[in-house]
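The values are calculated or read from the model by the stated rules, or taken from the named source; none is laboratory data. Predicted model, so just to flag it, every value in this text is computed and none were measured. Every residue, glycine among them, receives a Cβ derived from its backbone with ideal geometry; neighbour counts consider all protein chains shown. Areas reflect the complete protein model, heavy atoms only, side chains present, ligands, DNA and RNA absent. Shrake-Rupley method; radii C 1.70, N 1.55, O 1.52, S 1.80 Å.
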Amino acid sequence: MAFVENWSGGLLRRLSLAALGAALLAGVWGPQPAAAFSSVPVEQLTVPSTAMGRDVRVEFLGGGEGAPALYLLDSMEAGDDFNGWDINTPAFDWYKDSGISVVMPVGGKSSFYSNWYAPAAGNGGTYTYKWETFLTQELPAWLATNRGVPQTGNAVVGFSMGGSSALILAAFHPQLFIYAGSMSGFLNLSADPGQVGIAMMWNGGFSREAMWGPPGDPAWARNDPTVQAGRLAANGTRLWIYCGSGRPTDPALASPDAPIGGLGFLEGMAIDSNHAFVDAYIAAGGNNGVFNFPDGIHAWGYSGQQLQQMKPDIQRVLGVTPAG
């Protein structure tokens, strides 16, 4: 097991929720510009979802006949135009000719890609959030029928909100996802539902109770990667976990529309939960992961670096050979 760690301690974690609110107001959680980054031709699929009562847009790049897929999950700011990985990184370009299909679901702001208890009222409307059902049943079946993507032996990776979601989807659907990656995810959600609720309120005005009920409801533990670390260990899921220390290393990697200080604050909050997850995973006997905890802040640029670095590892685990 590879393990790289560089952590400054607990200063940032002791900052108050008021400071978190200030960071949110400063635009850290604000909307991203809606202009897709990728230069390669990408399909915009329309996939019906009975569970959510609507069609769901999915960005797709085929990796060849029978190629396994890499599902890339968005952050809490997930918009309805493009997936954040496409808006903020050339992820499709990076994985072109990799032998892997790339799947980017669009939408799901503040959803944690889970099945909610109640309708999701926020972001100017009311929605049915049954994202886990869509991502693990409806979408894989549609892709298998219409694009030849296998329903077993795939990878799922997410940034921020999508990071914790990727680990939970792999924990409960180990045949579908044999590889899971979390980039700057908050991995111990049930330990501080207050922060989750604040983030959801600032990202569309959604209610944490509509999602998983009040704190202490079993849904919080069920959707907490640290609580479910033993499942990932028992499944033998290959993991790639990244989180920065909160200290910036390269301003060019930060989001242009958000302050570096606020992005560092968010990453400094996330790092503690990543350590908690790793401790739980190792205690459960897990030994199949890469854990990178260098300097870095809560920004797509840093996670994009990791997505590039993990490509050979994903190819190895999924058993694919790059084209050419």
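Based on alpha-carbon atoms only, what is the radius of gyration of the range 91-136 relative to the globular estimate 2.2 N^0.38 Å?
Normalised Cα radius of gyration, the range 91-136: 1.51.
Separation of the range 285-315 and the range 185-246 by C-alpha centroid, Å?
When both Cα centres are located, 19 Å separates them.
Excluding residues fewer than 8 places away in the same chain, name every one of the lysines whose C-alpha is closer than 27 Å to that of K130.
The qualifying lysines are K109.
With charges only on Cβ, +1 for K and R and -1 for D and E, what is the dipole size of the range 48-163 about its Cα centre, in debye, rounded to 20?
In debye, rounded to 20, the range 48-163 gives about 260.
Order 161-170, 89-98, 294-303 from most to least packed using the mean count of other Cβ atoms within 10 Å.
Taking the mean over residues of other Cβ atoms within 10 Å, the ranking is 161-170, 294-303, 89-98.
For the range 94-236, what % of the accessible area comes from carbon and sulfur atoms, probe 1.4 Å? Show your work: numbers first, answer last.
Numbers: 2290 of 4430 Å².
Carbon and sulfur: 52 percent of the exposed surface of the range 94-236.
Ordered by packing density, taken as the mean number of other Cβ atoms within 10 Å over each peptide's residues, highest first, how do 129-140, 112-123 rank?
Result, highest mean Cβ count within 10 Å first: 129-140, 112-123.
Mind checking the dipole of the range 128-225: about its Cα centre, +1 per Lys or Arg Cβ, -1 per Asp or Glu Cβ, Debye to the nearest 20? Before the final figure, lay out each step's value.
Details: 4 positive and 6 negative charges, 46 e Å.
Using only the charged Cβ atoms, the result is roughly 220 debye.
Check cross-link reach from K96 to the lysines: straight Cα distance under 25 Å, and skip same-chain residues fewer than eight apart.
Cross-link targets: K311.
Any idea which of A191, N115, A91 is furthest toward the positive side of the dipole for the range 76-197, if Lys and Arg beta-carbons carry +1 and Asp and Glu beta-carbons -1?
N115
Can you order the peptides 187-198, 222-233 by their average number of other Cβ atoms within 10 Å per residue, highest first?
Working: 187-198: 19.4, 222-233: 22.5.
The peptides rank, most packed first, as 222-233, 187-198.
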